[in-house]
Amino acid sequence: MDAEAVLQEDMEDSWSLMSWMASCLMVCGGALPYVPQYQDIQRSSNSEGFSTRVCLVLLIANILRIFFWIGKQFELTLLLQSVVMILTMFAMLHLCCTVQNTNRVSTKQHRLSDLDIRYFWKWSAFEDYLLFCFGFTVLCAVVTLLLLDSVMFVETLGFLAVMFEAMLGLPQLLQNFHNCSTKGMSVKMVLLWTAGDVFKTAYFVMNESPSQFWVCGSVQIIIDVVILLQVLLYSQDTRVKLG
């Protein structure tokens, strides 16, 4: 075997290794930003700064993405990423419910069975979040089974999945705006969001993933940047008030 063939083989091995590492990072990387936020909530025993609606958006997005994969098989990496993200969101919700119930002054419990729209996604029991997601999954499964042969339905499913995912940071952005503060929100989480969104958008483009994915990534980057600007703005406001 000549030197050129050996060099080419080494380059192919290196590329395969880099591709495998990128895939592993894609699968687990989406969950990493929530580690510092999880630790902050555990340490402070306060979840007020974190919007649990982030979990709602990601759960819906990733459940839809799984059904999109059934209709249009894309990279297995992205399917596994959805499974990991769903488990991560359940872990965040479980922690938030535990902390909120520990700090609760009133004995009044808000349950899914109350059917009170004012307390949607503000339930007291973690089991209610599981029940809602189970019901949503069953609904998606039935509709997908009936319309799986429709190309338009499958493409719409993919669009909805990435549209919800693109709105990932929006609940946090709105909560910061409502509170006029980013206290309790992990800045590390948002920085990791931004780094991850830049990485995965580049990954989508390089791997020629469906266009819905890189459009989603681009919108997420914009929202991440706005949240980081909020951190700067509200920290300045805090200094002015204290000064």
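The values are calculated or read from the model by the stated rules, or taken from the named source; none is laboratory data. Only a predicted model underlies this, so the values are computations on that prediction, with no experimental measurement involved. Glycine also receives a Cβ, built like all others from the backbone with ideal geometry; neighbour counts cover every protein chain displayed. For accessibility, only protein heavy atoms count, side chains too; no ligands or nucleic acids. Shrake-Rupley method; radii C 1.70, N 1.55, O 1.52, S 1.80 Å.
Mind pulling the angle between the C-alpha long axis of helix 3-29 and the longest principal axis of the chain? Nearest 10 degrees, somewhere in 0 to 90.
20
Cα convex hull of the chain: how many Å³ per residue?
Residue-normalised Cα hull volume stands at 165 Å³.
Which residue, Ser23, Ser209, Ser113, tops the fluctuation ranking in a GNM of the chain built on C-alpha contacts under 10 Å?
Highest fluctuation among the options: Ser113.
Angle check, please: helix 187-206 long axis (alpha carbons) against the longest principal axis of the chain (alpha carbons), in degrees 0 to 90, nearest 10.
The answer is roughly 30 degrees.
Looking at the chain as a GNM with Cα springs under 10 Å, which of Asn101, Asn62, Asn176 has the largest mean-square fluctuation?
Asn101
Multiply the residue separation of Met152 and His94 by 0.36 nm, subtract the distance between their alpha-carbon atoms, and state the gained length in nm to one decimal.
17.2 nm
Under a point-charge model restricted to the Cβ atoms of Lys and Arg (+1) and Asp and Glu (-1), what is the dipole moment magnitude of the chain relative to its Cα centre, in debye to the nearest 20?
Charge dipole of the chain: 1660 debye, to the nearest 20.
How many Å² of accessible area per residue for the range 122-230, probe 1.4 Å?
Numbers: 5760 Å² over 109 residues.
In whole numbers, the range 122-230 has 53 Å² accessible per residue.
Could you calculate the FRET efficiency of Asp114 with Val187 from 1/(1 + (r/R0)^6), where r is the beta carbon distance between them and R0 is 41 Å, rounded to 0.05?
For R0 = 41 Å, the calculated efficiency reads 0.70.
Can you list the lysines whose alpha carbon sits under 29 Å from that of Lys72, skipping same-chain ones fewer than 8 residues off?
Filter leaves Lys200.
Which value in deg cm²/dmol, rounded to the nearest 500, describes the helix-derived mean residue ellipticity at 222 nm for the chain, given -39,500 (n - 2.57) per DSSP H run of n ≥ 4 and division by the residue count?
-26500 deg cm²/dmol
Rounded to a whole number, what % of the accessible area of the chain do carbon and sulfur atoms account for, probe 1.4 Å?
Working: 9520 of 13910 Å².
Accessible surface attributable to carbon and sulfur in the chain totals 68 percent.
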